[in-house]
Amino acid sequence: MTRSLPRGGTLLLAVISGTAIANNYAIQPALHTVAADLDVPLSVIGLVPTAALAGCMTGFALLLPLTDHLAPHRLVTAQLTALAAALALAAAAPGAVLLLAAYLLIGAAASVAAQAGNIAGRHAPPGRRGTDVATVAAGMSAGILLSRLAGGALTEILGWQRMLLAFAALALLGSITAHMFLPRQRPRSEHSYRSTLGSLPPLLYRHPQLRLAVATGGLWYFAFNLVWVALTLALAQPPYSLGPTAIGLYSLAGLLGFAALPFTGRLTDRYTPRTVISVAILTAAAGTTLLATGLSTPSATALGLALFDAGCFAAQAANQSRIIALDPQRSGSLSSVYLVLYFSIGAIGTALAAPLLDTLGWQGTTLTALAALLLAAALGLAGPRRSTTIRPRAHAAD
């Protein structure tokens, strides 16, 4: 029987998730400074976020399934320690090659953020899985939203190398705390780690609801990246011509999504994830519709972004809860498949943002995102009304 987390354990996992995932983004405001200090072209240093994303997706594929095999206190401690070491390596990097290699490691170790949500869902008491997963998702969302502001401010105060060392110290503190307080119970698994990796692709065939979760989640993450990347490009161009700081302030609108997540978790526990996801996607669609009216009114743009982010974040939390419920004993493997495909589809939205903005303009780009959201809502409503949970012992035939 899986033991519940100790008191405050879910909050600890939320903090770990947020501070870990922040390392994929905190360096971004300092890229110009890093390029100048290392005497490297900005086009090369601009590959740092790509390296972090590639590392993170590798972590989702190879490290997230470890939650099905290792005790939480050991797994999270090891990854946070590795994260601290990789950040120290990045701070000491004399050139672009070592810096990019370090950020591949940082991204992989930062995938502990997804492990934290999975651990929270697996160890949640009966009737609280949605709430606990949403709490960790709120921490992760806060880390993503506030990372650039924190990274930029610390860079101005300390310099970018010391900023990275400050995040390394935070990771080490999290490592010590995780070792002290997270469960020491090792999950029961009938498969070796190697066989687990080999069994990941067939999971899509075995679980129709996993396919549905990938399709709907991928569509709203496609829309999320499309809107946010296009927004930063549009606001930097005439007639707005805003600077990086002013553009960054729009990310604060996403705090509504962060604030809504605990409420989303309670709704997921009370109702079905399908219901919560449908309402959340329609909320995001309403925000996208408001954004499509233009960017000339900052208050309307902020409101549109708030609704858009709240809907996407809430849908993601409910979707993850639904995936864990499919088979709690193999939730790490299921989440690994989901997140790798989720981020891959989202990356398409990132890549298409600039071309669509140039071809269709801001309104055409947001309407493309709206179409993706409405398709996600239609797929979600067409899916089964109830989640099917596999009993812990019913997966021996992989």
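Do we find that A86 is in a helix (DSSP H, G or I), touching a helix residue (DSSP H, G or I) at 6+ places or on another chain (Cβ under 6 Å) and either without any contact (Cβ under 8 Å) to a residue 60 or more places away in the chain or polar (S, T, N, Q) (or both) in this structure? Don't jump to the end; show me each part of the working.
Values: in a helix (DSSP H, G or I): yes; touching a helix residue (DSSP H, G or I) at 6+ places or on another chain (Cβ under 6 Å): yes; either without any contact (Cβ under 8 Å) to a residue 60 or more places away in the chain or polar (S, T, N, Q) (or both): yes.
So A86 passes the test.
Taking the conditions exactly as written (open to solvent by less than 60 Å² (accessible area, probe 1.4 Å) and free of Cβ contacts under 8 Å to residues at least 40 places away in the same chain), does A253 satisfy them or not? In short, no. With respect to A30, is the statement that it is at pLDDT 90 or above and crowded, with 17+ Cβ neighbours inside 10 Å true? No, not satisfied. For V40, the criteria (1) assigned to a loop (DSSP other than H, G, I, E, B); (2) open to solvent by 40 Å² or more (accessible area, probe 1.4 Å); (3) of a type in the set (A, V, I, L, M, F, W, C) hold in every case but one, which is (2). Against the criterion of being over 27 Å from S344 (Cα atoms) and touching a helix residue (DSSP H, G or I) at 6+ places or on another chain (Cβ under 6 Å), T67 does not qualify. Looking at Q115, Q161, just one residue is in a helix (DSSP H, G or I), modelled with pLDDT of 90 or more and within 22 Å of Y338 (Cβ to Cβ), and that residue is Q115.
Contact annotation: residue pairs with Cβ atoms under 8 Å, 6 or more positions apart or on different chains, pairing a residue in the range 350-371 that is farther than 17 Å from L235 by Cα with a partner that is of a type in the set (V, I, T) and open to solvent by less than 30 Å² (accessible area, probe 1.4 Å), are A369/V227; A369/T288; L370/T288.
Whether a residue is surrounded by fewer than 23 Cβ atoms within 10 Å (Cβ to Cβ) and part of a helix (DSSP H, G or I) was assessed, and V133 does not pass this test.
Quick check: is even one residue across the range 354-361 within 18 Å of the chain's Cα centre (by Cα) and either open to solvent by less than 30 Å² (accessible area, probe 1.4 Å) or at pLDDT 90 or above (or both)? Break it down stepwise before answering.
Of the residues in the range 354-361, the ones within 18 Å of the chain's Cα centre (by Cα) are none.
Checking the range 354-361: not a single residue is within 18 Å of the chain's Cα centre (by Cα) and either open to solvent by less than 30 Å² (accessible area, probe 1.4 Å) or at pLDDT 90 or above (or both).
Among the conditions (1) assigned to a helix (DSSP H, G or I); (2) at pLDDT 85 or above; (3) open to solvent by 20 Å² or more (accessible area, probe 1.4 Å), G304 misses just one, which is (3).
Going through (1) at pLDDT below 90; (2) more than 17 Å from A113 (Cβ to Cβ) one by one, A71 falls short only on (1).
For every residue, the table says whether it meets (1) open to solvent by less than 40 Å² (accessible area, probe 1.4 Å); (2) hydroxyl-bearing (S, T, Y); (3) in a helix (DSSP H, G or I).
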{"position": "Y338", "(1), (2), (3)": "yes, yes, yes"}
{"position": "S344", "(1), (2), (3)": "no, yes, yes"}
{"position": "L367", "(1), (2), (3)": "no, no, yes"}
{"position": "L370", "(1), (2), (3)": "yes, no, yes"}
{"position": "L374", "(1), (2), (3)": "no, no, yes"}
{"position": "A378", "(1), (2), (3)": "no, no, yes"}
{"position": "L381", "(1), (2), (3)": "no, no, yes"}
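Scanning the range 32-54 for any residue that is touching a residue at least 40 places away in the same chain (Cβ under 8 Å), among the aliphatic types (A, V, I, L, M) and under 11 Å from V112 (Cα atoms) turns up nothing.
The values are calculated or read from the model by the stated rules, or taken from the named source; none is laboratory data. Keep in mind that what you see is a predicted model, and the values were worked out from it rather than measured. Glycine also receives a Cβ, built like all others from the backbone with ideal geometry; neighbour counts cover every protein chain displayed. For accessibility, only protein heavy atoms count, side chains too; no ligands or nucleic acids. Shrake-Rupley method; radii C 1.70, N 1.55, O 1.52, S 1.80 Å.
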